[in-house]
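Note sheet for the following structure.
The values are calculated or read from the model by the stated rules, or taken from the named source; none is laboratory data. Quick caveat: nothing in here was measured; it's all calculated off a predicted structure. Positions of Cβ are backbone-derived with ideal geometry, glycine not excepted, and every protein chain shown enters the neighbour counts. Side chains are part of the model used for accessible areas, which takes the heavy atoms of the whole protein and leaves out ligands, DNA and RNA. Shrake-Rupley method; radii C 1.70, N 1.55, O 1.52, S 1.80 Å.
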Amino acid sequence: MEDRLNQAREEALARIASAADVEALRAVDRDFVGKGGVVAELLASIPSLPPAERGAVGKGANLLKREIVDAIAARKAALEAAEVEALRSGAGFDPTMPGAPVTRGSLHPLTRVRREVEDIFLSMGYQIADGPEVELDEYNFQKLNIPIDHPSREMQDTFYCDADHKLVMRTQTSPVQIRTMETLKPPFRVIAPGRVFRNEEQDATHEHTFHQVEGLVVGKDVAIGHLIGTLKGFLREYFGRRLDVRLRPGYFPFVEPGYELDIRCPFCEDGCRVCKHTTWVEFCGSGMVHPNVLRAGGIDPTKYTGFAFGFGLDRLVMLRHEIDDIRHFMGGDLRFLEQF
Ligand code: FA5
């Protein structure tokens, strides 16, 4: 019986020593220490041995198992170390092999267009302003001439952030008007692009989370002609050609007079799907800053006047790329995003 143990030891250790890879080691493990392997057979034969031999054989078989397991672990470590060493020394490295391809992402269409819009306004001498997305009701509404209980609050369904309705997810970028007036001395021109939130039903042209670009110019003798000229200039740069605009009266409590500014449809002469067969596309809300708003921002309305506008960035991107549903922007579908 001792012979069998020795023979098994020699055979296993020889195979381990000559194993070229981990697979060969697994085979040794299977043949000797696995279920039905040599060690298991030796242990199973114990009951048929003379009682005097049983103890020694049991002990020997268990020692053998330990020895083989340890030898396999040591050989495995050596094989792995050799592999690392080979990689380090450059053996088998072929510098002419093509590299692993790196998938490149791309900027979101909203980001690209926002940057483009910023560049156009920067070239017109504007600064870029910013404000918080979680805003005080005071800035989102009250200082914009929209007191608590004012019916115009109904125009924008608000996500309130606290029980006393002091904090809101801003429903518009207009609160940045007040924050800007509080920090800059007139004359100044700013745009404030950013995310806004409304508790609205979603459809192809309405999202609960979308993007606006606010514009505010305050100075001496700023007039409505400056507003029209500025927006026409912007649209010419953005669309690459002159587009007619028209003003309609529009109601926003923070401007007086207030206008809706439409642009001549960039895609047709006599009506199409984009302009809903009217040849005009709504572009933005605008107007002369209300004296109450200038005052709320710490600016004397007897000395300064200003104009303001606010347009939806998502809809501008949709116009540029003829995107038919606003929900694509945040849908996370790579088939949509990879087109930009
Ligand atoms: C405003 O939010 C005003 N603050 C704009 C303004 C600024 C007027 C300065 C005067 C002076 P309005 O609610 O119309 O206005 O929204 C402005 C633009 O945001 C719209 O023209 C539209 O392009 C976009 N918009 C409004 N609601 C949504 C929505 N649910 N999804 C996507 N875009 C929207």
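Here the 3J(HN,Hα) profile of the range 61-69, calculated from phi with Karplus coefficients 6.51, -1.76 and 1.60 at θ = phi - 60°, is 5, 5, 4, 4, 4, 4, 4, 5, 4 Hz, Gly and Pro shown as x.
On the beta carbon distance between Thr111 and Ala86, with R0 = 41 Å, the FRET formula returns roughly 0.35. Accessible area ranking (1.4 Å probe, heavy atoms, ligands and nucleic acids excluded), largest first, for Tyr160, Tyr238: Tyr160, Tyr238.
Surface composition of the range 2-89: carbon plus sulfur atoms hold 56% of the accessible area, using a 1.4 angstrom probe and ignoring ligands, DNA and RNA. When the charge dipole of the range 112-183 is built from unit charges on Cβ atoms (+1 for Lys and Arg, -1 for Asp and Glu) and taken about the Cα centre, the candidate among His165, Asn140, Ala129 whose Cα reaches farthest toward its positive end is Ala129. What angle do you read, to the nearest 10 degrees and between 0 and 90, between the alpha-carbon axis of helix 22-32 and the longest principal axis of the chain? Around 40 degrees separate the two axes. Nearest 10 degrees is fine. How inclined is helix 2-18 to the longest principal axis of the chain, computing both from alpha carbons? On a 0 to 90 degree scale, this one is about 40.
For the range 61-75, list residues with backbone N below 18 Å from a point placed 7 Å from the Cα of Lys35 toward its Cβ? Under cut-off, by backbone N: nothing.
Prolate is the label for the chain, because the ratio a/c of its alpha-carbon gyration tensor axes (a ≥ b ≥ c) is 1.5 or higher and a/b is greater than b/c. For the chain, how many pairs of lysine residues have a Cα-Cα distance under 20 Å, where the two are 8 or more positions apart or belong to different chains? Lysine pairs meeting the criterion: 9. Across the range 230-247, rounded Karplus estimates of 3J(HN,Hα) from the backbone phi angles (6.51 cos²θ - 1.76 cosθ + 1.60, θ = phi - 60°) give 5, 5, 5, x, 4, 5, 5, 5, 5, 8, x, 7, 6, 10, 5, 10, 9, 10 Hz, Gly and Pro being marked x.
Remark on Gly287: its backbone amide H falls under 5 Å from those of Tyr259, Ala308, a criterion applied only to residues 5 or more positions apart or on other chains, H modelled at 1.01 Å from N. For the range 128-157, the residues whose amide N sits under 17 Å from a probe point set 7 Å from the Cα of His165 along the beta carbon direction are 135-157. Full extension of the chain segment joining Thr279 with Glu322 gains 13.9 nm, where the gain is 0.36 nm per residue of separation less the Cα-Cα distance. Entry comment: accessible area of the range 109-337 is 49 Å² per residue, from protein heavy atoms only and a probe of 1.4 Å. Residue separation of Asp300 and Arg335 scaled by 0.36 nm, minus their Cα-Cα distance, works out to 7.4 nm of gained length. Extension gain, Ala56-Asp21: 0.36 nm per intervening residue step, less the Cα-Cα distance, totals 9.2 nm. Counted over the chain, the DSSP beta bridges are approximately 95% antiparallel. The alpha carbon gyration tensor of the range 2-89 gives principal lengths a ≥ b ≥ c with a/c of 1.5 or higher and a/b greater than b/c, which makes the shape prolate.
Close amide H partners of Thr205, meaning residues 5 or more places away or on another chain with modelled amide H under 5 Å apart, are Ile326.
The calculated FRET efficiency for the pair Glu201 and Ser123, based on their C-beta separation and a Förster distance of 41 Å, comes to about 0.60. For the chain, the longest principal axis of the C-alpha atoms and the axis of helix 109-123 are separated by about 40°. With a simple spin-label model that places each label point 7 Å from the Cα along the Cα-to-Cβ direction, the separation between Leu43 and Arg4 comes to 1.5 nm. Apply the a/c threshold of 1.5 to the C-alpha gyration tensor of the range 155-273 and tell me whether it is rounded, prolate or oblate. Oblate, because a/c is 1.5 or more while a/b does not exceed b/c.
What FRET efficiency would be calculated for the residue pair Glu256, Val102, taking the C-beta separation as r and a Förster radius of 51 Å, to the nearest 0.05?
So, using R0 = 51 Å, E works out to roughly 0.40.
The HN-Hα couplings worked out from phi for the range 307-314 by the Karplus form 6.51 cos²θ - 1.76 cosθ + 1.60 (θ = phi - 60°) are 10, 9, 8, x, 10, x, 6, 4 Hz, whole numbers, x standing for Gly and Pro.
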